[in-house]
Amino acid sequence: MLYLMHPSDPIVWWSPNLILNQPDWIAQPPGRDVLEDMVWIPFVTFWQITADLPFSTGVPGGHGHKYTSEYVDGWNAVLQPADLSAEQLATLRTVIGAGG
């Protein structure tokens with residue numbers, strides 16, 4: 001099983017549990033595109049992430065809920081085709097990324 005998720009994707013982090021429970025991920029080092037000052041505050045964090053949900057796809061690829069060329073690496077990791085070269089993977093990333 002493989003999960004694709006960006007650190008800034010509110011859809012993967014959203015949960016009604018955020019209302020009253022501090023999530024485990026808040027104590028982890030922030031991802032590459034997440035503010036270092038992110039903290040959990042009861043009710044507030046839930047509503048902040050909820051407010052981000054409708055805007056999570058209107059961002060550049062590689063951020064939020066906008067997955068493009070990441071699919072190439074995901075499928076490559078799962079299928080592990082022996083005859084696929086690094087150049088072919090790069091070409092696929094470019095083609096798939098251009099469509100997003």
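The values are calculated or read from the model by the stated rules, or taken from the named source; none is laboratory data. Computed from a predicted model, the values in this text were never measured in an experiment. Accessible surface areas use protein heavy atoms only, side chains included; no ligands, DNA or RNA. Shrake-Rupley method; radii C 1.70, N 1.55, O 1.52, S 1.80 Å.
What does the convex hull of the alpha-carbon atoms of the chain project to on average, in nm²?
That works out to 7.5 nm².
Just from its helices, what would the mean residue ellipticity at 222 nm be for the chain, if runs of 4 or more DSSP H residues each count -39500 (n - 2.57) and the sum is divided by every residue, rounded to the nearest 500 deg cm²/dmol?
Using -39500 (n - 2.57) per qualifying helix, the result is -10500 deg cm²/dmol.
How much of the accessible area of the range 1-75, probe 1.4 Å, is carbon plus sulfur, in whole percent?
63 percent
If you look at just the Cα atoms of the range 20-75, how large are its Rg and its Dmax in Å?
For the range 20-75, the Cα-based Rg and Dmax read 13.4, 38 Å.
Counting only heavy atoms of the protein chains, get the accessible area per residue of the chain (1.4 Å probe) and round it to a whole Å² value.
Each residue of the chain exposes 71 Å² on average to a 1.4 Å probe.
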